[in-house]
Amino acid sequence: MWRQSEDTKWEAAPLPAKGSFALGEEAEVAMLRGGGCVLLARSPARVNGSPCLPLTVLGDRDEIRVGGREYYISTESCATVTEFVAGEKKVCCARCKAEVTGGERIALCPYCGSAHHEECWSYGPLCASCPQSTTGAGWRPN
C-alpha cells in the first residue's frame, strides 16, 4: 500500500496478512482469505477516478481517493531471506549458478520464486531470472 504523507511524498505501508488497514476514519482495506483485498468505505470514495460502492474489490495499482487523501494498492513484496534446508533436489543460485548448500542463507524472489545466495540477491538491480527489483519496490506512484 502506498500513501501520501502530509508533505505529499509517497511512503510504503505494508498491508497485514490478516485483518485490515485503516485509511483514516473514512475507510479501510480488508484482507481476504486466500489473497486479495477489498475497500470498505464509510464515506464517499473513488477508485481509479470513479465513485465506488461501499464494498469494492481492489487490484494491483488501484488508486483510492477517500477523505481528501490518495492511496495506491500494490501487490509487490520484498524477497524473503531464510536458511536453506537441503533436500533431495539440487538447488542452484539463479545469479552465480553455484549449488546452494544446507544452512546457507538464501533470498527467494517474491515474483518468480528463484533462489539466490543472500549476497547474490543484492548484487544486481533485478532478480537474475525475472524483472523483480532487488532493492525493494519496483513500482511506486508518480
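Any read-out appearing in this document is the output of simple, stated calculations on the displayed coordinates, not a laboratory observation. Keep in mind it's a predicted model, so treat the numbers as computed, not measured. Glycine gets a Cβ as well: all are built from the backbone with ideal geometry, and neighbour counts include every protein chain shown.
Here are a few things to note about the model shown:
- The 3J(HN,Hα) values that the Karplus relation (6.51, -1.76, 1.60; θ = phi - 60°) gives for region 2-8 are, in residue order, 10, 9, 8, 7, 4, 8, 6 Hz. Gly and Pro appear as x.
- For Asp62, distant residues with modelled amide H under 5 Å away: Ile73
- Inter-label distance for Glu118 and Glu76, nm, one decimal - labels placed 7 Å from Cα along Cα-to-Cβ: 2.4 nm
- Cα extents for the chain along the principal axes, largest to smallest and rounded to whole angstrom: 55, 31, 21.
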